[in-house]
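Colleague: My questions will all concern the structure given below.
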Amino acid sequence: MNGPRALYHMVRADFLERVRRYSFLLTLGFAVYLGYAVYAGQVTLRLDKYSGIVNSAWLGAVLGLVSTVWLTLIGFYIVKNAIQRDRQTRVGQILATTPMSKSFYTLSKMLSNFAVLASMVLILALAAVVIQLLHGEDAHIDLFALLSPILILGLSAAAVCAAIAVLFESLPILRGGIGNVVYFFLWMFMLSMSVTAMVPSHPVSWLHGLGDYTGIAAVMGQMHAAVLKIDPHYTGASSFGIGPMNAGATKFLWTGVRWSAGILAARLMWVGVAVALALLAAVFFDRFDPARGGWRSEQKEKPSKKPLAGELALPQAAETGLREPARASAAHLTTFTRTGPQMRFFALVVAELRLMLRGHGWWWYAGAAGLFIGCVASSLDDARSGFIAAAWLWPILVWSQMGTRESQFSTGALIFSAPGAVPRQLLATYAAGVLVAMLTGGGLALHLLFTGDFAALGAWAAGAFFIPALALGLGATTGTRKAFEAIYTMWWYVGPLHHIPQADFMGTTAASSTPLRFLLFAVVLVVLAYSWRTVRVRYA
Amino acid sequence: MQLAIENVTKRYKKGVVALRGFSLDLKPGVLGLLGPNGAGKTTLMSILATITRATEGRVMWNGADIARGPDALRSVLGYLPQDFGVYPNLNAAEFLQYLAAVKGLDAATSARRIDELLELVNLTEARKRPLGGFSGGMKQRVGIAQALLNDPQLLIVDEPTAGLDPEERVRFRNLLSDLSGERIVILSTHIVSDVEATATDIALIAKGTLVAHATPEALLQQVERKVWEWVVSSADLTQAKQQYLISSTTRRSDGVHARVLGDQPPVGAQPVAPNLEDAYLFCLSQHRAGVPA
């Protein structure tokens, strides 16, 4: 096998398959939005009271940070489907019969992921030039200062993100929703490693650079040093995020990142880490062997002690000679007295609930029960600000099925050819999702009832209605579980865990509780899911 | 009970036309829908099953347009798509119970019917096993059971015997014959012998148009005295295939016995009784040559 040629075609085919899907336009749209957000001042970088004059060096640094921080988060969820696609399209079964090695395959998937992420980085690089032309406080374009942070930081971080996505897809336990949640916390951890690597008064050392996955420390360390030169009292405080934080900032001149050999070596080292991770993924990759299909299916697929009738049909026939197959007769089938669909809505809710709760191990139920008891037995403050957040993160994989199951398991044609199926089944799914929220978070409701805190109970109810609505809305419109798993985890971290009023859908404190807002959101999301599905079914 | 397909055209994005002015009237019985790959069979089935809508034309169920009020048809429809999935964590009985609830069927009757259907498709012993562990043929039998769940008046089955072993295939054919009395059954398949065994009517479709709609006997009559058995040597077979339309070949000790379709037999060929496969190939070749059926 001609290695480089085969690798090129593997990456090319996978990349083309991706870019020819409509979802790739959304991916590029997201990159364009990030560029616009910087242009519109929605993404800002500030060092205490200082912000840079908008020249090539400053814009390059800001967009470099955008590419390395946000693309490594959102990008993971965008590219974590390369192996899954080969599994779903059954192309994997064909590939598995070729001489291609497992490491070759995982490396090609990592490169294909990288190509997608790199295209987003390139969009940001292009946006950088446009932004400076439209918005720059210094019209002179220094292409090296403008593009080098975006390309060096963005591409090296993209390589690591691409490899982690392949590794997660290769590990059965991280392949699905659990991996989507785990990655968010891994990203947080790696980001904190980068931040820890920052030493305000010194340029980043080679050693610190080893822990700086995103390259933030390389840029921010030099910026800190530049601010210290004009303000010896500068404490090293800095912020990078969403919001108009640059208002009233004192401007300083940032001349650009000095790319020392140490910084470049650290970036190269992370590219090496990416390749190593891709090769490590090969160890766990199942090469599309259905017998190694997943850690949960392995547990369930116990061999039947007794052979099944259908499976024995041919051997029996061979042993006894030719015989007339058993005549199937429809004559004795029970006939129906037709019943209106509305009479069976409750049965459908129960069926949906059973479908949602089926397939989890005993540990899942034990965990949910433990959190329920924690909500009841702990102090009201702990239950409201701590246990409920955990209790409503626990069923994330149950909710993420909502609105996506029909496309995931190709049952749409069976379900949507039933009378009134779109509204009935959608509402039954939503009702089942609300029941899951009420069951898993019910400990806090009991606690609040006992203490008579009805305002907090209202906030709890709003959360119970909002979470499944978010799952249904995102599931029905995107057709994938990942959207809810990623967005909900981030929202959960920002809102309920940090009690931010605009985002705290659980009402974890009295101050951050805004139940009416989230009830309204719930209605909007359910209507959105219904409208989207109606259009999809009608114009399929 | 009547299903009328009136001048239906289906145009997909990028200008692909799957059906062109397709019309057909159906009454109780089994309609075998035959046609080559890409003929438009699955598109037609999807329109009849209310999964997708015609771009032009209409489909009338007992006089009512199914695009305007699909639920009237859906409540009496059984549909087995060509590609369908199952929920791997449910067992066969639970999956059928779920679909019974989606179809709005009464609980007690559907419970009895599910037991009977599982017996009918030979899955009683496997009813408690998760569907994720089922073979392709067993999943197909679950699909057949779900299509019969609501005692349908219109049963649409797309490649129903795909993946079934020979015994189960014969079993399913018998079942279709049983069901055909007081309902309309539409059977789409590439397996001509399935149609031969069950269909009371046959529709041939090619490139989105109706080539022929007739009883099996009428189709066979079209190729009466047009099928010949001709013995050729293996060496001459390639040339023979270029000269004549050959529906099948069988190697024997005296050479290759070829079934030749055509008005004029090759020298030395003997007339034989036509079968449905001969009729199908003959009609399609006539259609390609622009001869009206």
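Colleague: Mind checking the dipole of chain B: about its Cα centre, +1 per Lys or Arg Cβ, -1 per Asp or Glu Cβ, Debye to the nearest 20?
Modeller: Values: 31 positive and 31 negative charges, 199 e Å.
The calculation lands at about 960 debye.
Colleague: For residue B:23 paired with residue A:25, estimate the spin-label separation in nm (one decimal), with each label point 7 Å from Cα along the Cα-to-Cβ line.
Modeller: It works out to 3.8 nm between the two label points.
Colleague: Relative contact order of chain A: what whole-number percent is it, with Cα pairs under 8 angstrom and at least 6 residues apart? List each step's numbers first, then the result.
Modeller: Working: 728 pairs, mean separation 82.0, N = 540.
Averaging sequence separation for qualifying contacts and normalising by length gives 15 percent for chain A.
Colleague: For the protein assembly as shown, what size does the Cα cloud have along each of its three principal axes, sorted from largest down, in whole Å?
Modeller: Per principal axis, max minus min of the Cα coordinates gives 107, 72, 53 Å.
Colleague: When N counts the residues of the range A:365-490, how does its alpha-carbon radius of gyration compare numerically with 2.2 N^0.38 Å, as a ratio?
Modeller: Normalised by 2.2 N^0.38 Å, the Cα Rg of the range A:365-490 equals 1.15.
Colleague: Moving on to the next point. Just need log10 I(q)/I(0) for the range A:47-165 at q = 0.10, 0.12, 0.22 Å⁻¹, Debye formula, equal scatterers on the alpha-carbon atoms, no solvent, rounded to two decimals.
Modeller: Taking Cα atoms of the range A:47-165 as identical point scatterers yields -0.40, -0.53, -1.10.
Colleague: Measuring from centroid to centroid over Cα atoms, what is the spacing of the range B:94-118 and the range A:381-400 in Å?
Modeller: Computed from Cα coordinates, the inter-centre distance equals 35 Å.
Colleague: More than 26 angstrom separation, counting every C-alpha pair in chain B; what % is that? Mind dumping the intermediate values first?
Modeller: Values: 21845 of 42778 pairs.
Percent of Cα pairs beyond 26 Å in chain B: 51.
Colleague: Suppose R0 equals 41 Å; then what is the FRET efficiency for residue B:125 and residue B:62 from their Cβ-Cβ distance, rounded to the nearest 0.05?
Modeller: In this case the efficiency is close to 0.55.
Colleague: Using only Cα atoms, locate the centre of the range B:17-84 and the centre of the range B:253-274, then give the distance between them in Å, rounded to an integer.
Modeller: 39
Colleague: Suppose R0 equals 41 Å. What FRET efficiency, 1/(1 + (r/R0)^6) with r the Cβ-Cβ distance, do residue A:9 and residue A:517 give to the nearest 0.05?
Modeller: Numbers: r = 51 Å, r/R0 = 1.25.
The formula returns an efficiency of 0.20 here.
Colleague: What distance in nm separates the two pseudo spin-label positions at residue B:55 and residue B:9, each 7 Å out from Cα along the beta-carbon direction?
Modeller: 0.7
Colleague: Name all residues of the range A:481-524 having a backbone nitrogen under 16 Å from the label point set 7 Å from the Cα of residue A:451 along its Cα→Cβ direction, giving them as ranges.
Modeller: A:506-513
Colleague: Among B:16, B:232, B:142, which one shows the biggest mean-square fluctuation in a GNM of chain B, springs joining Cα atoms closer than 10 Å?
Modeller: In this elastic network of chain B, the residue with the biggest mean-square fluctuation among B:16, B:232, B:142 is B:16.
Colleague: If you don't mind, there's one more thing I want to ask. Any of B:13/B:41; A:482/B:14; A:102/B:139 with alpha carbons more than 22 Å apart? Name them for me. Spell out each step's value before the answer.
Modeller: Numbers: B:13/B:41 18 Å; A:482/B:14 30 Å; A:102/B:139 31 Å.
The answer is A:482/B:14; A:102/B:139.
Colleague: Can you tell which of B:209, B:15, B:154 lies farthest toward the positive end of the dipole of the range B:3-217, using +1 and -1 charges on the Cβ of basic and acidic side chains (Lys, Arg; Asp, Glu)?
Modeller: In the range B:3-217, that residue is B:15.
Colleague: Can you work out the base-10 log of I(q)/I(0) for the range A:1-67 at q = 0.22, 0.26, 0.28 1/Å, using the Debye formula on its C-alpha atoms alone?
Modeller: Log10 I(q)/I(0), no solvent term: -0.90, -1.07, -1.16.
Colleague: Based on Cα positions only, what radius of gyration and what Dmax would you give for the range B:225-273, in angstroms?
Modeller: For the range B:225-273, the Cα radius of gyration and maximum Cα-Cα distance read 9.7, 28 Å.
Colleague: Determine, for B:168, A:137, the number of other Cβ atoms within 10 Å of each Cβ, and report the residues in order from fewest to most.
Modeller: Fewest to most other Cβ atoms nearby, the residues stand as A:137, B:168.
Colleague: Quick one: putting +1 on the C-beta of Lys and Arg, -1 on the C-beta of Asp and Glu, what dipole do you get for the range B:171-232 around its Cα centre, in Debye to the nearest 20? Please list the in-between numbers first.
Modeller: Details: 6 positive and 8 negative charges, 39 e Å.
For this selection, approximately 180 debye.
Colleague: Among A:263, A:116, B:179, which residue has its Cα furthest toward the positive end of the charge dipole of the protein assembly as shown, with +1 on Lys/Arg Cβ and -1 on Asp/Glu Cβ?
Modeller: Selected residue: A:263.
Colleague: Specify the inter-centroid distance of the range B:152-229 and the range A:487-540, based on alpha-carbon positions, in whole Å.
Modeller: One Cα centre to the other: 52 Å.
Colleague: If R0 is 25 Å, what FRET efficiency do you get for residue A:139 and residue A:264 from their C-beta distance, rounded to 0.05? Numbers along the way, then the final one.
Modeller: Working: r = 29 Å, r/R0 = 1.18.
The calculated FRET efficiency here is 0.25.
Every read-out reported here was derived from the displayed coordinates using simple, explicitly stated rules and does not represent laboratory data. Not measured: the values here are computed from a predicted model. Using ideal geometry, Cβ is built from the backbone for each residue, glycine included, and neighbour counts are taken over all protein chains shown.
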